[in-house]
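Asker: First the structure, then my questions, so here it is.
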Ligand SMILES: Nc1ncnc2c1ncn2[C@@H]1O[C@H](COP(=O)(O)OP(=O)(O)OP(=O)(O)O)[C@@H](O)[C@H]1O
Ligand SMILES: [Mg+2]
């Protein structure tokens, strides 16, 4: 962000220029506490969420230091010290902020230096204990979004030269022999591999979702056929379906991609294992609802689909980052499979839940159904 323009931001790119809101207004609307501290930890700024969080108005805060609200031995001060020492952002989780004026537990604090103003710290405070699962789900959607911009750059900067490299290798192939031939093949194969990766990243692009009524059982059957005739020939498939399931409201191709990624992961986890089994399950469950961003409405997610395997379980070190892009335990994995699952399910307004222990890993998707038009009458 160094050198970023102050004030009104102008988006660049193909879309016609549209004025974005003033950053101060954005900070004010942000439902996350953001404060600015000077070199002596005096409050320079607090957005309204921070005023609420700290229980004091900005007028009051501007006369205070952080140490007036939080005891000096709190790990928060260590965090701030480290940020100043390393000149880099640092996050700390599960903090307790306890003093006569403040009583908060399970706080995530993120502190970052302000390069334009040495000593000044931007501090973001978030109560992570409330609605933790949902928070994670939303965070995962955000993680997937960060790939979007990168995919566009890669597509432009990598794909075009790559076809040139591939073509050149193919031309060389006709004029060389022996070990050199192997090298040209290596260039071609590696170029194809990178192209495949970029193609997958392009799927993170923001496109409007074309929804229709999707029969989830057909989606599952399609993926099962692909798996049995392709990447999971020796695996036993068990289908446990709710036959009265109504159609999901979604995009068939994208939902196939989601289930395919889950079944691929399950099959890969089962490689080399005795009695490999993948269960595909569906069901109907009332009471799963999520907020619809930007509206007072809640979206019902009564339909669930699960992919379960009897593999070794998700490695512990990966679990907290499971849905983030490029997180993988596989030597040939790109770590984009579950990030794409989170992105697509998020676009559908749905939720992803994961449960994993040795011998039983289940990824469950909660999806909306086609609204019943007659219900209003
Ligand atoms: N069913 C599962 N059992 C055990 N571990 C799993 C399972 N599903 C996912 N994982 C773990 O989560 C990681 C991330 O999965 P993800 O699908 O995002 O990427 P990947 O499979 O490694 O690569 P890619 O899907 O891009 O080929 C995997 O590398 C694996 O460690
Ligand atoms: Mg995968």
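What follows draws every value from the coordinates through simple rules; no lab data is involved. Please read these numbers as outputs of a predicted model, since none were measured by experiment. Counting neighbours? That spans all protein chains shown, and the Cβs are built from the backbone with ideal geometry, glycine included.
Asker: Looking at region 249-367 from every direction and averaging, what is the projected area of its Cα convex hull in nm²? Could the numbers behind the result be given before it?
Answerer: Working: hull surface 32.3 nm².
Its Cα hull, projected and averaged over all orientations, spans 8.1 nm².
Asker: Set the Förster distance to 22 Å, then compute FRET efficiency between residue 165 and residue 199 from the Cβ-Cβ distance, nearest 0.05. Walk me through the numbers on the way to the answer.
Answerer: Values: r = 16 Å, r/R0 = 0.73.
Plugging the Cβ-Cβ distance into 1/(1 + (r/R0)^6) gives 0.85.
Asker: Calculate, in nm to one decimal, what residue 62 and residue 212 gain on full extension: separation in residues at 0.36 nm each, minus their alpha carbon distance.
Answerer: Working: separation 150, 0.36 × 150 = 54.00 nm, distance 5.36 nm.
Additional length available on full extension: 48.6 nm.
Asker: Would you mind estimating how fast region 153-307 diffuses translationally, via Stokes-Einstein at 4 °C and 1.567 mPa s with the Kirkwood radius over Cα pairs, in µm²/s?
Answerer: The Stokes-Einstein estimate is 67 µm²/s.
Asker: Please list the three semi-axes, largest first and in whole Å, of the ellipsoid equivalent to region 187-265, using sqrt of 5 times the eigenvalues of its alpha carbon gyration tensor. Kindly include the intermediate steps, with their values, before the conclusion.
Answerer: On the way: eigenvalues 148, 83, 10 Å².
Three semi-axes, in Å: 27, 20, 7.
Asker: Spin-label point model (7 Å from Cα, Cβ direction): what's the residue 229 to residue 253 distance in nm?
Answerer: Using points 7 Å along Cα→Cβ, the separation is 2.0 nm.
Asker: So if each residue of separation counts as 0.36 nm, and I subtract the Cα-Cα distance between residue 103 and residue 222, what length gain in nm does that give?
Answerer: Working: separation 119, 0.36 × 119 = 42.84 nm, distance 5.30 nm.
Length gained, residue 103 through residue 222: 37.5 nm.
Asker: Let me ask something additional. Order these peptides, 96-106, 355-365, by their mean beta-carbon neighbour count within 10 angstrom, highest first. Working shown, then result.
Answerer: Numbers: 96-106: 13.5, 355-365: 16.6.
Ranked from most to least packed, the peptides come out as 355-365, 96-106.
Asker: If packing is taken as the average count of other Cβ atoms within 10 Å, what order do 198-210, 166-178 fall into, highest mean first? All intermediate terms of the calculation are to be shown ahead of the outcome.
Answerer: Working: 198-210: 14.2, 166-178: 12.3.
Sorting 198-210, 166-178 by mean packing, highest first, produces 198-210, 166-178.
Asker: For labels at residue 88 and residue 40 in the simple 7 Å Cα→Cβ model, what's the distance in nm?
Answerer: In this crude spin-label approximation the distance works out to 3.1 nm.
Asker: Suppose R0 equals 51 Å. What FRET efficiency, 1/(1 + (r/R0)^6) with r the Cβ-Cβ distance, do residue 25 and residue 354 give to the nearest 0.05? Before the final figure, lay out each step's value.
Answerer: Working: r = 37 Å, r/R0 = 0.72.
After rounding, the FRET efficiency stands at 0.90.
Asker: Length gain on complete extension for the stretch residue 300 to residue 329, per 0.36 nm per residue less the alpha carbon to alpha carbon distance?
Answerer: Fully extending the segment from residue 300 to residue 329 adds 7.0 nm.
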